[in-house]
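Undergrad: After the structure tokens below, expect a handful of questions from me.
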Amino acid sequence: MNAIKGKSYFSTVEILFMASMIGLDFAYGLVVGPLLTATGVLEIIRIDMIVPIMMLLVTRLVVDRFGTLIVYEFVWVTLAILARPGAMGLPGFFKFLPALGYGLILDACMSSVRRPLYLRLIIAGVIGGVVNQFSMLGIRILFGMPWSTAVQALLGINILTTVIINLLAVQLTVLVWRGIERTGWVSRLRSWRTS
């Protein structure tokens with residue numbers, strides 16, 4: 001509707017903020033992922049995902065409209081394809097399926113409940129994360145990935161670790177959001193939408 005009236009869906013300031021968060025998320029993954037992979041910790045639990053999930057949720061709280069996380073995931077996966085073609089184990093542009101699916105799931109969860117904040121983040125972060133695990137399994141089975149049988153066997157453990165990581169990410173999001181929600185820059189960023 002806004003695009004029809006001559007206004008874009010996202011303001012320039014919102015796009016710049018989203019680009020900054022995506023850039024930070026991507027840089028974090030390039031630095032922290034290999035360090036934790038070398039330690040072997042990621043074979044047990046994906047603790048490297050706490051900060052990226054927090055960044056996703058904070059981005060959606062600041063730019064609070066449906067589609068924010070779909071765009072976020074689209075840009076992120078585009079960078080991932082260019083930087084690490086073997087990432088996610090899916091061929092070429094099929095990597096977009098899980099990323100856009102995750103963005104859609106998170107956006108839908110964030111839009112389903114507005115208040116209270118903690119419930120909203122639990123629904124998006126934890127329930128959205130669990131739904132994403134099932135969708136990832138479905139995509140792997142659809143593509144006939146050889147390890148999809150092993151993933152099915154370990155699905156319970158995978159779901160448990162996803163819940164733990166996403167709960168930690170939600171806690172971190174609450175701390176970060178309470179620190180920034182009333183700051184001048186968040187207010188100014190949101191005021192650009194109405195001007």
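The values are calculated or read from the model by the stated rules, or taken from the named source; none is laboratory data. These numbers come from a predicted model, not from an experiment. All Cβ positions, glycine included, derive from the backbone under ideal geometry; neighbour counts span all protein chains shown.
Undergrad: Which residues, counting only those in the stretch 15-66, are outside any helix (DSSP H, G or I) and either under 23 Å from residue 133 (Cβ atoms) or among the charged types (D, E, K, R) (or both)?
TA: Step one: of the stretch 15-66, the residues outside any helix (DSSP H, G or I) are 40, 44-46, 63-66.
Passing the criteria: 40, 44, 45, 46, 64, 65, 66.
Undergrad: Take residue 78 and tell me if it is touching a Ser or Thr at 6+ places or on another chain (Cβ under 9 Å), within 20 Å of residue 26 (Cβ to Cβ) and at pLDDT 80 or above. Spell out how you get there, then give the answer.
TA: Working: touching a Ser or Thr at 6+ places or on another chain (Cβ under 9 Å): no; within 20 Å of residue 26 (Cβ to Cβ): yes; at pLDDT 80 or above: yes.
Taking the combined requirement at face value, the residue does not satisfy it.
Undergrad: Just for helices (runs of 4 or more DSSP H) wholly inside the stretch 104-194: which have at least 2 residues that are modelled with pLDDT under 85 and more than 29 Å from residue 11 (Cα to Cα)?
TA: On the way: elements: 117-122, 128-142, 148-153, 155-180, 184-194.
Correct list: 128-142, 148-153, 155-180.
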